[in-house]
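The values are calculated or read from the model by the stated rules, or taken from the named source; none is laboratory data. What you see is a predicted model; the values in this text were computed from it and never measured. No Cβ is skipped: glycine too gets one built from the backbone with ideal geometry, and neighbour counts run over all protein chains shown.
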Amino acid sequence: MEPREPAAVSHSPSTWQQPHPAPASAERGALTEAVAERIRDRGRGRLLVGIDGFTAAGKTSFGHELAAHIAESGRPVLRATLDDFKNPWKDRHLYDRESGEGYYRNAYDYASAKRLLLDPARPPEAESCALCSIDPLPRTDVLVDNTDFARPRLIQG
């Protein structure tokens, strides 16, 4: 494979805030590079790659490492996490708060994840998808510009 200029990794609002640790071991680094190579070998078409695992298993770290390896070859990467498609906290624990069953059944807004991220990312001709169902609001000012922004229907609460 000929060397290419590194490409960008575009992160969703929450994944960019996660730490980007160094590979945990030489074996993990080799595994991550091997997976990246298999993805690159599939050609230039878009692939949708899922990373599954238990809580705190290292899915986010592995995803960051994998994205970096893929981008090093000049192939751009969009980096998302389904954590950006969670239901509001009050809805995540609607049932059985002791066993975790309620969280398992209600934590994620899978319909939004499919509609905004997964389904739009599949067709080769698609040009956009949402990496997050909502943009988390930081505790800072929000500046919005537009022509005629002062219209009553926009500024009235």
| message | Can you say whether Gly50 is in the same structural domain as His11 (by TED's automatic domain parsing), farther than 15 Å from Ser10 by Cα and at pLDDT 85 or above, as far as the supplied structure shows? | response | yes
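A quick yes/no check of all residues on (1) at pLDDT below 80; (2) in contact with a Ser or Thr (Cβ under 8 Å, 6 or more places away or on another chain); (3) at positive phi:
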residue: Asp41; (1), (2), (3): no, no, no
residue: Ala56; (1), (2), (3): no, no, yes
residue: His69; (1), (2), (3): no, yes, no
residue: Glu72; (1), (2), (3): no, no, no
residue: Ser99; (1), (2), (3): yes, no, no
residue: Ala107; (1), (2), (3): no, no, no
residue: Arg122; (1), (2), (3): no, no, no
residue: Leu131; (1), (2), (3): no, yes, no
residue: Pro136; (1), (2), (3): yes, yes, no
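Yes or no, residue by residue, for (1) touching a residue at least 40 places away in the same chain (Cβ under 8 Å); (2) of a type in the set (A, V, I, L, M):
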| site | (1), (2) |
| --- | --- |
| Leu47 | no, yes |
| Glu65 | yes, no |
| Pro76 | yes, no |
| Arg105 | no, no |
| Ala111 | no, yes |
| Selected residue [assigned by TED's automatic domain parsing to the domain that holds Ser10, assigned to a helix (DSSP H, G or I) and farther than 21 Å from Leu118 by Cβ] from Ala24, Ala67, Ala30, Ala56 | Ala30
| query | Taking the range 111-129 as the search range and keeping residues that are out of contact with any helix residue (DSSP H, G or I) (no Cβ under 8 Å at 6 or more places or on another chain) and over 17 Å from Gly45 (Cα atoms), which one is surrounded by the fewest Cβ atoms within 10 Å (Cβ to Cβ)? | reply | Ala111
